[in-house]
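Following: one structure in structure tokens, then a few remarks.
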Amino acid sequence: PDAFDRPFRPVELTPSTLTSFPLQAMAQQLMTEAAFQTSGRNALTLIHHQTLTVVLTVMRAGAVLDEHHAPAPVTLLPLFGEIVFTATAGPTSLTLPQGTGAVFAAHLPHRVEAQQDSAFLLVMGGQA
């Protein structure tokens, strides 16, 4: 069975929301889709809320997300593979293998490159 169905609707957070995601299986499924086959990357928004967005992203080895920025602080959590995060304002690069998370500020220009076939969770925003 598929880890998720298309079209996929992101979870809407309510006071009673409690759910889980089979992240590894979802990432593997994203890698079988046409978008990944043609562009070397694919993504699925798992949660979209006023103050929190969670996106599962997969990238083929050598794929690049060109310079961009996020409107809120971001935590990156690699699930497998290895990605390199580069802040384009300065020569700051972080190599993020599986199990090594990173945090960066809102509006920081950056690019991401996959060193291996990779999957990571992007958690943007959040508020106590």
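The values are calculated or read from the model by the stated rules, or taken from the named source; none is laboratory data. These numbers were taken from a predicted model, which means no experiment stands behind them. Every residue, glycine as well, gets a Cβ built from its backbone with ideal geometry; the counts of neighbours run over all protein chains shown. Ligands, DNA and RNA are excluded from the accessible area calculation, which covers all protein heavy atoms including side chains. Shrake-Rupley method; radii C 1.70, N 1.55, O 1.52, S 1.80 Å.
Miscellaneous remarks
- Criterion: under 13 Å from the mean Cα position of the chain (by Cα) and hydroxyl-bearing (Ser, Thr, Tyr) - qualifying residue of Thr88, Thr57: Thr57
- Failed criterion for Pro10 (all others in (1) open to solvent by 90 Å² or more (accessible area, probe 1.4 Å); (2) modelled with pLDDT of 95 or more hold): (1)
- Some residue of the range 108-119 being open to solvent by 30 Å² or more (accessible area, probe 1.4 Å), among the hydrophobic types (A, V, I, L, M, F, W, C) and more than 28 Å from Gln37 (Cβ to Cβ): yes
- Taking the criterion of being open to solvent by 30 Å² or more (accessible area, probe 1.4 Å), at pLDDT 95 or above and not small (Gly, Ala, Ser), the residues of the range 47-72 that qualify are Arg60, Val64.
- The range 69-112, residues that are among the small types (Gly, Ala, Ser) and part of a strand (DSSP E or B): Ala87, Ser93, Ala102
- Contacts under 7 angstrom Cβ, first residue in the range 25-51 being in a helix (DSSP H, G or I), partner among the aromatic types (Phe, Trp, Tyr) and buried (at least 19 other Cβ atoms within 10 Å of the Cβ), 6 or more apart: Leu30/Phe36
- Going through (1) touching a Lys or Arg at 6+ places or on another chain (Cβ under 8 Å); (2) open to solvent by less than 40 Å² (accessible area, probe 1.4 Å); (3) more than 18 Å from Pro109 (Cα to Cα) one by one, Asn42 falls short only on (1).
- Residue that is nearest to the chain's Cα centre (by Cα) [pool: residues in the range 91-107 that are open to solvent by 30 Å² or more (accessible area, probe 1.4 Å) and among the aliphatic types (A, V, I, L, M)]: Val103
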